[in-house]
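The values are calculated or read from the model by the stated rules, or taken from the named source; none is laboratory data. This structure is a prediction, so every number in the text was calculated from the model and none was measured. FYI the Cβ positions are ideal-geometry reconstructions off the backbone, even for glycines, and counts take in every protein chain you see.
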Amino acid sequence: MSMQRTVVLVKPDGLQRGLIGEIMHRFERKGLKLIGLKMMRLTDELLDTWYAHHKEKSFFKDLKAFMTWTPIVAMVWEGQEAVSAVRKIVGVTKGYDAEAGSIRGDYAMSGSQNLIHASDEPDNANKEISLIFKGEELFEYENAEECLIYSDFERGK
Ligand code: CMP
């Protein structure tokens, strides 16, 4: 078990549908710690790097157009095993397949307009953090509830 950071993007459909607060609330009440937050417009160049593994896919052009349609909201969440914990809360890619109770399961029906991006593994999370956030835009602080969320052992106390 390890302390991890992970990136969540609220995609343009999440912003348009007024779901930013709802999405953040799900991670907050889980006990994840918000350490970075910004609104920004993604560029074509950034998306070429971000989605390099989808470059040959038929939907790549549409994906980039979708992701640049409006600004997005980017967040970094921290916690024990945060990468997989966040992906479970988000649900599988296609909204119509996603489990009820997950964000996509509750709010999405599309396979492409699926509200959220969440890092798929810790190394990618670190790459994504460095593509979007400067060092000084990430914050270290003591969360007053930490002693309730984790045991002393888990906090290294
Ligand atoms: P995500 O899994 O966050 O990252 C890749 C994104 O590409 C995915 O969400 C969808 O938004 C999009 N995507 C995946 N498959 C398709 C598809 N078949 N058609 C259009 N968009 C897709």
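Listed values, structure above:
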read-out	value
The lone exception for VAL10 - which of (1) touching a helix residue (DSSP H, G or I) at 6+ places or on another chain (Cβ under 6 Å); (2) without any contact (Cβ under 8 Å) to a residue 40 or more places away in the chain; (3) not hydroxyl-bearing (Ser, Thr, Tyr) it fails	(2)
Within region 42-82, tally of residues that are touching a residue at least 12 places away in the same chain (Cβ under 8 Å), within 11 Å of the ligand (Cβ to nearest atom) and among the hydroxyl-bearing types (Ser, Thr, Tyr)	1
ASN126, sole failed condition from (1) within 13 Å of the ligand (Cβ to nearest atom); (2) over 10 Å from the mean Cα position of the chain (by Cα)	(1)
Those residues of region 85-143 which are modelled with pLDDT under 95 and among the polar types (S, T, N, Q), in sequence order	ASN143
Enumeration of residues in region 131-157 that are of a type in the set (D, E, K, R), in contact with a helix residue (DSSP H, G or I) (Cβ under 9 Å, 6 or more places away or on another chain) and within 17 Å of LYS30 (Cα to Cα)	ARG155
Complete set of residues in region 83-123 that are away from the ligand (no atom under 14 Å from the Cβ) and under 26 Å from ASP44 (Cβ atoms)	ASP123
